1. Are any of the residues in region B:261-273 more than 14 Å from chain C (Cβ to nearest Cβ) and out of contact with any helix residue (DSSP H, G or I) (no Cβ under 6 Å at 6 or more places or on another chain)?
2. Scan region B:134-149 residue by residue and report those that are in contact with a helix residue (DSSP H, G or I) (Cβ under 8 Å, 6 or more places away or on another chain) and at the interface with another protein chain (Cβ under 10 Å from one of its Cβ atoms).
3. Do you know which residues across region A:39-51 are away from every other protein chain (no Cβ under 14 Å) and either within 16 Å of ligand 1 (Cβ to nearest atom) or open to solvent by less than 50 Å² (accessible area, probe 1.4 Å) (or both)?
4. Could you list, in sequence order, all residues of region A:298-317 that are hydroxyl-bearing (S, T, Y) and open to solvent by less than 10 Å² (accessible area, probe 1.4 Å)?
5. Can you work out which of the residues in region A:52-78 that are free of Cβ contacts under 8 Å to residues at least 24 places away in the same chain and more than 11 Å from ligand 1 (Cβ to nearest atom) is farthest from the other protein chains (Cβ to nearest Cβ)?
6. Checking the structure you have, find out if any residue of region A:156-172 is modelled with pLDDT of 95 or more, acidic (D, E) and touching a Ser or Thr at 6+ places or on another chain (Cβ under 6 Å).
7. Test of understanding: among A:L216, A:L244, which residue is in contact with a Lys or Arg (Cβ under 9 Å, 6 or more places away or on another chain), within 16 Å of ligand 1 (Cβ to nearest atom) and more than 14 Å from chain C (Cβ to nearest Cβ)?
8. With respect to the numbered conditions (1) in contact (Cβ under 8 Å) with a residue 24 or more places away in the chain; (2) of a type in the set (G, A, S); (3) in a strand (DSSP E or B), which one is the sole condition not fulfilled by B:A251?
Amino acid sequence: MKEQEIRNREAFVHYLRLVREDIANYFPDSEQFRTAPCPACGALEHTAEFAKAGFEYVACRACSTLFVNPRPAAAPLREFYLRSPSSRYWVEGFFLPVAEARREKIFRPRARQIAGQLPALARETIGDIGAGFGLFLEELRILWPHARMIAIEPSAEMAAICRSKAIEVLETTVEDLEGQESRFGLLTAFELLEHLYQPRALVEKAWRLLRPGGRLLATTLNGQGFDIQVLWEQSKSVFPPHHLNFLNPRALAGLCESAGFVVEEVSTPGQLDWDIVEGAIANDSATTDRIWRLLARNGSERCKREFQAWLSRHGLSSHMRILARKP
Amino acid sequence: MPLSRDRRIKAGIVGYGRMGKIRGACLGRRNEWELIGICDIQNHGMGCDVPVFREWSGLLSAGPDAVFVCTPNRRLPEVVMDAVSRGIHVFCEKPPGCTLEDVIRMREAEAAHPGVKLKFGFNHRYHAAVQDAKAIVDSGRLGRVMWVRGIYGKAGGSRYDQNWRNRRELSGGGILIDQGIHMLDLFRLFCDDFEEVKSFLTRSYWTVEVEDNAFVLLRNSRGQVAMLHSSATQWQHRFMAEIYLERGYLAITGILSSTRTYGRETLRVARCQYDAEGYPQPNPEETITYYDEDRSWEQEIDDFARSILEDRPVTVGGSSDAYQVMSLVQQIYTADPLGPRSAAGELTGAAMP
Amino acid sequence: MKAVVLRDDLREADIRPEPLYAEYKAILENESRRIFDGSIRIENRELLPFDCPNCGKAPVAEFERWGAQYCRCATCASLLVSPRPGQEALDAFRRESRAGRFWEQTFAAATGAAREHGIFRPRLQWLLSIKDRYGPRASVVADYRSKYPTFLEALCDSGEFPQVVSLQPEAPWEKLPLAVRPERRAGPEALLHRTDILTLFEVIERVSNPGEVLHLARELCAPGGVLVLTTTSSSGFEYQLLGGSAPNLNPLDRMNLFSIDALTRLIGKAGFEILELSTPGRLDVATVRKTLESDPDLPGLSFWRYFFRHCGEDAEHTLQEFLQQYRLSSHVRVVARRQ
Ligand SMILES: [Zn+2]
Ligand SMILES: [Zn+2]
């Protein structure tokens, strides 16, 4: 997989510009921001790292989670996600053109992997938190025709798209979902935790929604992952106000365990780290350690492929995945 | 007949399919050679800037010093014998014909024309990993070769069941004579000839009239044993040759083929390490060599050019090598008459899209 | 061309044991500073600017180390000390050097067994395999600017090479702090076009004019003769990451750190065909780890700090092997044939 296949560079740059404008409109006054403890471990001690677009990023001294602090409150964040021009462009200008590519490159393999890994859940109730266009549930439905698929999606537009695909929808955020305790066999949350005001609230709610033995499967950004570490504040993944939390394998596992889960797997199956760094060196003249410039210039395709595989294998990719069981 | 050294060797290619084109491209990169014509019945040569003949006799009459015979196996012997009888040097693709009789006939023609060079395309001997391995074995530092073990397999390929290589009358056999023969040739490189032959041949998957898997055990009078698995159902392409000696081992994995699907060409070498009482310890330290480029085609053709220009005997891939390896192939085929396709194969074969 | 990877158990602590190594480094640093600031009095000690022998251009200042200015060639990324003393001054200095004596008398003695096991034994095996592969009839082996007389003896004891000599351009021998037996001594003129295997172990990084040495190498080799060379490269992991903070960067011993590109072209230009170019170093990852642990203030490198804290031995091991495979270790070895 190549970065360009799932992320059109020009559309992405345009989107980033809209976000900058929205920040001025939706978060005009950082005085309103609230100071928060570490979103992963709750510790209060942290170190200032850098500021980007008016948002301060700090690193938790206990678990190394990188997070925005102080941060916008939950309500304006929700408003921003539901109504801002950049959020609209994300759907129409950015996501839709690559939706089919993403279906093929991301959602189908993801559904296949989950179906292969958790066959016992094939006839259960499956909830996708932040289901968006419903691509994942569509793909999983093909593999698990007897499961009940439920999209948990607060955006009215997206909810409508899911319904048009005959997917059952709970049109709310998972945090506000009431009365569904112990109902789900599997809850998935793809690329969601990094956006939330309080990731812990989602994890704790998921625990209550799952039946005993049920699984939470989440993917998110790993702040200790290669491209984020190498590019740091130059990284496009470090992207306020969207990406507020960058946990890491240990912090994420700790968060789930403290909510009562048994962690079955934390891995970093990302494939794009090297591509992102090489792209940043080539297109954005990012400054990096000398060795990455050498590798970008002289490394063979095979060398780069093997390096990426090495990163993934050792928990060093910035795309992270956790599978946790409610005992 | 020796050529004067300042003249380029005029060459023709009979059979301009995949192998013919590889040989042609390679000739184009070497100074000693000049391509003067090709022959191909299916007009593969369209667009070439040299004359294209429909009949090989036309090409042979056009005055080449040497021809590269790259036709399907069944055609090879008659073209080779015709060329040799006209005093033209011949480079013949492997396998050398369909049967041992084919090789014998070609050798008779060669014997009748002593000045003519006849070389067969056992290209794997020219791979850098194989040459490095051979130098190490020959140095004797690791002692005597005890046994060798080879795996050579591919996934068949597109329309494998319809390929002429799987029609016995055109090819002489299946995956063994097509691909496994290279490994048999390498076994001979490291152990010389074998006297005892055991084999199992199967049709495990493909609906073809020849074997799609060959399991072979060989032993020679010095007690060296070689074990080959040649497969057309090796879904992950694989080349592996292990040579175990008294004081160490060598393993070649991957081979830089034109398709590059067998993995990076790699030679691992280890020398045994011994405990205080002199017993070998497991998993000794290895030296691993990775090879970046495949110069086997050039080296093979350069060798052939030297034989012609300097009137030297063909040392690698000569007709006696061809005879010995085909004799092994024949014995392997005789040792296990191919049975019916296996039941499992019947099922998966039917399920094939 | 091919690349070789070595899997063995070489440990830095064995060949550079502390506190002895720190003591050796302190003497070295002191001497280095004094030679570059001019307080050591030797003849012709004038420092001259040095252009990249590969590109012909003046390199750009990058960092200072022990009084020496390291510069980087903007074209080929080699690291070169400039200005630098000439060869005569270096040779004169080495004869007097306290660090050299400490090395010979104290350090080499203390690490002899480890070096024998970890460096000389594999090196001998390597030379034998070169002989088997590229020069089965090789009779004359010459070691240029020998550093380790014991290795020469091991080479002789192997019984594989009828004539083993140490080539020392800076005679007279009596003045050298080097215990080479008289029958093994030679000057370059004695072996012109006669050498079957010429070895330059850790030479081109420590001579004042490496281009000249490679040119001489060609003159020494018989037609088809083989050049065997080891050196340290600026393309390697250790120097890529640590630059002037690399713990083993001694300006007098590592005056020229060529990039792999530059080395390939220099050897080609001198009239050799490269048969093997590998970086079979085994210590880069361990060296970087140690440096990061001992110097928490080193800027950047946060990815690597995290890596060393959390990823474990297997990840470090596979990283070192990856570096070897793709010519990214700092220790380089080359086999080339005179054309
Ligand atoms: Zn924390
Ligand atoms: Zn340069």
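1. Yes, region B:261-273 contains a residue that is more than 14 Å from chain C (Cβ to nearest Cβ) and out of contact with any helix residue (DSSP H, G or I) (no Cβ under 6 Å at 6 or more places or on another chain).
2. B:K134, B:A135, B:I136, B:V137, B:D138, B:S139, B:R141
3. A:P39, A:A40, A:C41, A:G42, A:A43, A:L44, A:E45, A:H46, A:A48
4. A:S317
5. Ranking the candidates gives A:A75 first.
6. No: region A:156-172 contains no residue that is modelled with pLDDT of 95 or more, acidic (D, E) and touching a Ser or Thr at 6+ places or on another chain (Cβ under 6 Å).
7. Of the residues listed, the single one that is in contact with a Lys or Arg (Cβ under 9 Å, 6 or more places away or on another chain), within 16 Å of ligand 1 (Cβ to nearest atom) and more than 14 Å from chain C (Cβ to nearest Cβ) is A:L244.
8. Status for B:A251: all satisfied but (1).
The values are calculated or read from the model by the stated rules, or taken from the named source; none is laboratory data. These figures come from a predicted structure and were not determined experimentally. When we count neighbours, we look across all protein chains shown, and the Cβ atoms used for this are built from the backbone with ideal geometry, even at glycine. The accessibility values were calculated without ligands, DNA or RNA, using every heavy atom of the protein model including side chains. Shrake-Rupley method; radii C 1.70, N 1.55, O 1.52, S 1.80 Å.
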